[in-house]
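The structure appears right after this line, and notes come after that.
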Amino acid sequence: MVLAMAKAKEESTRISSVMNEHRMFPPPKTFARSSHVGSKTALKNLIDAASADIVGFWEEQAKDIVWFAPWKKPFVWKHPLAQWFVGGTTNASMNCLDRHLGTWRRTKAAIIWEGEPGDTRTLTYQQLHSEVCKAANALLGLGVKKGDVVAIYMGMVPEAVVAMLACARIGATHNVVFGGFSSEALRERINDSHAVLLITQDAAWRRGELVHLKAAADVSLKACKSVKHVVVLQRTSERTSMKAGRDHWWHEVLAGASRVNEPAKLPSEHPLFILYTSGSTGKPKGILHTTGGYLTQVAYTTKMVFDLRDDDVYFCTADIGWVTGHSYIVYGPLMNGATIMMYEGAPNWPEPDRFWDIIERNAVSIFYTAPTAIRAFMKWGESWPRKHDLSSLRLLGTVGEPINPEAWMWYHSVIGGERCPIVDTWWQTETGAIMISPLPGATVTKPGTATKPLPGILVDVVQKDGTSCKANEGGLLVVKHPWPSMLRTIYGNDERYREAYWSEFPKTRSHPGWYFTGDGARRDKDGYIWIIGRVDDVVNVSGHRLGTAEIESALVSHKHVAEAAVVARPDEVKGNALVAFVSLKSSAKGVNLDKLREELRNHVADEIGHIAKPDEVRFADALPKTRSGKIMRRLLREIVVGGSVNGDVSTLEDAGVLERLRLNDDE
Ligand code: PRX
């Protein structure tokens, strides 16, 4: 932790330029007039009322989702295990679909989808319901039961949404694995969750090429005993090998399935999904989310943060393999009866204006993307968005990492035409829903900050000893009161859950125990929260969270690698780039180092996925270590960031190592 604090301190000096950010953007008057919360005073009243009775506030919001039976107790807390709306029964699929069928929304477009090659499909709420019921019946027919885990390894196709909602409908827990992950990563996630069935597709389109998902899944399945059946969507005309008895075509199993399926009446705490995310140790964490509390906070935040209206066309560019896709492509927008724009492929295919073209053709009004994407748009140049009429846009959002003020300003002027409020939303896989964000009709925004916690969310920036930081003092971001959409545990590992999130500020006789986010932050004199970055060994690359330990263990699994340490250096587009320091075994003597460098990068891509591929591999004869043998990543970080080491090296075992690394750097 001392190391972590040192890092936070180091980071806080790095962002000093951001500290001078004084520009302020009040909500445009016309926007405020028609929004759910339209003034600073209204927001203050809302926050004050919610803070006075957090549980009561969330109970009110829970009434906006549909329940089969009401809850008996709104909140049960056995630190750190939370239960919300206990005794209530509900269903996520019913909340996304059935609730709209008795209204005019039955014929409203739920999903407007565009494939990368340009093919399009629109599904109304009625049609989506029909598909989900058929898929639910198909899953039941294949023996999936309530409580079983179903893995989903697909690209951005409507059937991925259908698959998730079909699982939710019958009470199966979905485990979506990002289609960009390798077969090795899929295998690990299937085995850890004991998934009984896998839903995948033959291939997906990405930047004009096919990504062969089924072939990758076949490799994983060689070592996945729990999977009994595989359902394969035919997206392309690729030849796909099917294993008799195990593999079934999606269109065949759905063809015979009934359109009638009663949603299961599930307890509020029924597990809705597991989603794996990186932690500071090697093994990914299976973040478990349950039903009633998750739906409540996701529905509420979607409505308030995006200020959703029935005539909006809402476009979130995340992949459903990440939590943003779960909460803000699928559950939140559908519960609110929104029209979702969904796009299959790359933003720069066939040209760097694909998103702008989609926005113009579909009159998209809300656009939610990541800072890394915005930085890429900036690099590609203004001429691409300028070619399109973006006047349908009325609100912009960002998520995933701190947005640098230049990128915020570019987004504001070039994409938003200086008329759209920007909601910079801070949250995590673990929090399930947005926690810190402006409300667009009420909050004065400043470029680079997610502003303040939402009503009903109690967040603080504190010192290691728990005292609240003073204005502009760097500290640790904590959540002081449990919230409805919080993770319930790490799947199958309550102990790791406790250790990862609740051990930094533990519960004692005199302390209630707080959730530690892993983020460093500071709060300015207006109470706005500025995220500094992670203080553990997690790096944010292109808005994706990667555990350096996971990449290190992938490197070490290569036959020539003795030891590896992975650190981040700032990168203009990706936020961070990964630099791997590798020391080799004697077996590597005589091998071509350039070739090996490439081999190691590809090895990581095979083990985890392309997103984790180190940008740079540096060979070192030894890594800097403490006397107790711990690799001092802080020093490596200093080398990659500044080229030399200024920090404390008194615990370093062999000072010569640093000198050699530095020389290496100069080469
Ligand atoms: O460090 C914070 C950063 O992303 C982390 C969460 O990553 P993940 O679980 O992958 O979820 C990303 C999508 C919700 C956080 O701990 N982060 C996320 N949003 C922001 C952010 N940092 C600064 N500003 C944000 N708006």
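Rule-based calculations on the coordinates, nothing more; no lab input. Bear in mind that the values here come from a model prediction, so they are computed numbers and not experimental data. All Cβ positions, even for glycine, are placed from backbone atoms using ideal geometry, and neighbour counts span all protein chains on display.
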Can you list residues from other chains, or at least 5 along the same chain, whose modelled amide H is less than 5 Å from the amide H of Tyr276?
Ile287
Hey, what did the stretch 586-638 get for relative contact order, percent, Cα under 8 Å, at least 6 apart?
19 percent
Virtual spin-label span in nm between Val573 and Leu210, 7 Å along Cα→Cβ
2.7 nm
Ranked from highest to lowest mean number of other Cβ atoms within 10 Å per residue, what is the order of the peptides 21-27, 649-655?
21-27, 649-655
Given backbone amide H placed at 1.01 Å from N, residues whose amide H is under 5 Å from that of Ile199, ignoring those fewer than 5 places away on the same chain, are Ala151, Ile152, Tyr153, Val231
Please state the shape class of the stretch 532-666: rounded when a/c is under 1.5, otherwise prolate if a/b exceeds b/c and oblate if not, all from the C-alpha gyration tensor.
oblate
Highest first, please rank the peptides 501-508, 622-629, 417-424 by the mean number of other Cβ atoms sitting within 10 Å of their residues.
417-424, 501-508, 622-629
Plugging the Cβ-Cβ distance of Trp104 and Arg33 into 1/(1 + (r/R0)^6) at R0 = 35 Å yields, to the nearest 0.05, a FRET efficiency of 0.90
So between Arg239 and Ser468, what do we pick up on full extension, going 0.36 nm a residue minus the alpha carbon distance?
76.4 nm
Taking the alpha-carbon distance from Lys44 and a cut-off under 23 Å, which lysines remain once sequence neighbours fewer than 8 residues away in the same chain are dropped?
Lys29, Lys63, Lys303, Lys446, Lys452, Lys470, Lys480, Lys525
Bin by bin, in steps of 20 Å, what percent of the Cα pairs in the chain do you find, going until the bin that has the longest distance?
18, 54, 26, 1
For Ala42 and Glu418, what does the FRET efficiency come to when R0 = 25 Å and r is the distance between their Cβ atoms, rounded to the nearest 0.05?
0.55
Qualifying aspartates and glutamates (Cα of each under 12 Å from Cα of Lys574; at least 8 residues distant if same chain):
Glu401, Asp615
What residues have an amide H closer than 5 Å to that of Leu308, excluding those fewer than 5 places away on the same chain, when H is modeled at 1.01 Å from N in the peptide plane?
none
Using θ = phi - 60° and the Karplus form 6.51 cos²θ - 1.76 cosθ + 1.60, what ³J(HN,Hα) does each residue of the stretch 176-187 get, whole Hz, x for Gly and Pro?
7, 10, 3, x, x, 6, 7, 5, 5, 5, 5, 4
Rounded to the nearest Å, the spacing of the alpha-carbon centers of the stretch 493-539 and the stretch 146-185 is 30 Å
Of the listed peptides 296-304, 438-446, what is their order by residue-averaged count of other C-beta atoms within 10 Å, with the highest listed first?
296-304, 438-446
I need the phi-derived Karplus couplings for the stretch 211-226: 6.51 cos²θ - 1.76 cosθ + 1.60, θ = phi - 60°, integer Hz, Gly and Pro marked x.
9, 7, 5, 5, 4, 5, 5, 4, 5, 4, 5, 4, 10, 10, 6, 6
Estimate the FRET efficiency between Leu142 and Val260 by the formula 1/(1 + (r/R0)^6), using the beta-carbon distance for r and 25 Å for R0, to the nearest 0.05.
0.90
